[in-house]
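The values are calculated or read from the model by the stated rules, or taken from the named source; none is laboratory data. As the structure is a prediction and not an experimental result, all values here were calculated from the model. Don't worry about glycine lacking a Cβ; one is built from the backbone with ideal geometry, like all the others, and counts go over all protein chains shown.
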Amino acid sequence: MGKLEIVRFTVGPLETNAYLVADAATGRAVLVDPGGEGKRLVREARSRGWTLEAIWVTHAHFDHFAGLHEVQQALKAPVPVALHPDDLPLWQMRGGADWFGLDIPQPPAPDLLLTHGQQLHVGDLRFEVRHAPGHSPGHVMFYNQEHGILLCGDVIFYMGIGRTDLPFGDFETLVRSIRTQVYTLPEETRLLPGHGPETTVGGEKMFNPFV
């Protein structure tokens with residue numbers, strides 16, 4: 001059985017949550033949504049004795065991968081980057097950074113294209129990929145059933161949901177994703193979002209005003 005440890009960082013101009021996710025028993029880790037301060041994220045992993053083996057990107061808005069270039073520079077050898085193929089057009093547009101007047105490096109093509117239901121591993125921990133479009137076409141979430149954790153990106157927040165007014169967004173699709181891919185999980189499941197504090201499935205089912 002893996003020993004799950006998660007460290008959250010708030011990075012970048014949009015205060016994005018980046019997560020180090022590790023199996024502390026094996027020292028293997030992944031980085032989810034490196035939205036900035038890539039060198040700091042790598043330093044933290046090293047200070048804990050963790051080896052970064054992959055970068056998982058929930059979706060291709062720039063604020064969720066803008067630190068990728070720094071991360072890869074700081075590592076001794078590049079690690080594979082995972083993204084859903086439906087977000088490749090947005091990825092190739094540098095995540096829409098131009099819409100906000102920002103300039104970030106063009107990211108390299110992802111190494112792993114994710115699919116709904118795919119199983120990913122961090123040491124002895126297993127995560128299920130759950131496709132949840134609406135905020136962006138290829139948005140995915142990462143679910144660990146054993147520990148009741150959903151890394152949900154910008155699908156749902158504490159008392160909120162992801163924006164749908166940007167290109168490629170669709171409100172009805174997002175609400176359907178929340179109902180089918182989030183609200184079907186156990187109510188005690190912890191939701192670790194792309195912005196703001198964590199929440200739970202049960203709390204959002206009861207109080208979220210948008211769904």
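Residues in the stretch 67-86 that are farther than 13 Å from Pro34 by Cα and of a type in the set (D, E, K, R) were compared, and the one that is modelled with the highest pLDDT is Asp86.
Considering only the stretch 76-87, I want to know if a residue exists there that is in contact with a helix residue (DSSP H, G or I) (Cβ under 8 Å, 6 or more places away or on another chain) and under 26 Å from Gly196 (Cβ atoms). There is at least one residue in the stretch 76-87 that is in contact with a helix residue (DSSP H, G or I) (Cβ under 8 Å, 6 or more places away or on another chain) and under 26 Å from Gly196 (Cβ atoms).
Candidates are the residues of the stretch 150-169 that are buried (at least 21 other Cβ atoms within 10 Å of the Cβ) and β-branched (Val, Ile, Thr); the one that is nearest to Leu90 (Cα to Cα) is Val155. From the residues in the stretch 7-36 that are out of contact with any Gly (no Cβ under 6 Å at 6 or more places or on another chain) and β-branched (Val, Ile, Thr), which one is surrounded by the fewest Cβ atoms within 10 Å (Cβ to Cβ)? Among residues in the stretch 7-36 that are out of contact with any Gly (no Cβ under 6 Å at 6 or more places or on another chain) and β-branched (Val, Ile, Thr), the one surrounded by the fewest Cβ atoms within 10 Å (Cβ to Cβ) is Thr10. Is it true that Ile104 is more than 18 Å from Val140 (Cα to Cα), of a type in the set (A, V, I, L, M), in contact with a helix residue (DSSP H, G or I) (Cβ under 6 Å, 6 or more places away or on another chain) and not in a helix (DSSP H, G or I)? So Ile104 passes the test.
The test for being over 15 Å from the mean Cα position of the chain (by Cα), closer than 22 Å to Ile6 by Cβ and of a type in the set (Val, Ile, Thr) holds for Thr51.
When you scan the stretch 114-129, do you find a residue that is closer than 17 Å to Thr189 by Cβ, assigned to a loop (DSSP other than H, G, I, E, B) and touching a residue at least 40 places away in the same chain (Cβ under 8 Å), even just one? Checked against the condition, which is being closer than 17 Å to Thr189 by Cβ, assigned to a loop (DSSP other than H, G, I, E, B) and touching a residue at least 40 places away in the same chain (Cβ under 8 Å), the stretch 114-129 yields no hits at all.
Give Ala45, Ala22, Ala18, Ala77 a once-over and let me know the one that is assigned to a helix (DSSP H, G or I), aliphatic (A, V, I, L, M) and farther than 20 Å from Met93 by Cα. Please lay out each step first, then the result.
Working: Ala22 fails: assigned to a helix (DSSP H, G or I); Ala18 fails: assigned to a helix (DSSP H, G or I); Ala77 fails: assigned to a helix (DSSP H, G or I).
The unique qualifying residue is Ala45.
Being within 23 Å of Pro78 (Cα to Cα), modelled with pLDDT of 95 or more and more than 15 Å from the chain's Cα centre (by Cα) holds for only one residue in Leu125, Leu112, Leu120, and it is Leu125. Each residue in the stretch 156-172 was checked for being under 19 Å from the mean Cα position of the chain (by Cα) and touching a residue at least 40 places away in the same chain (Cβ under 8 Å), and 8 pass.
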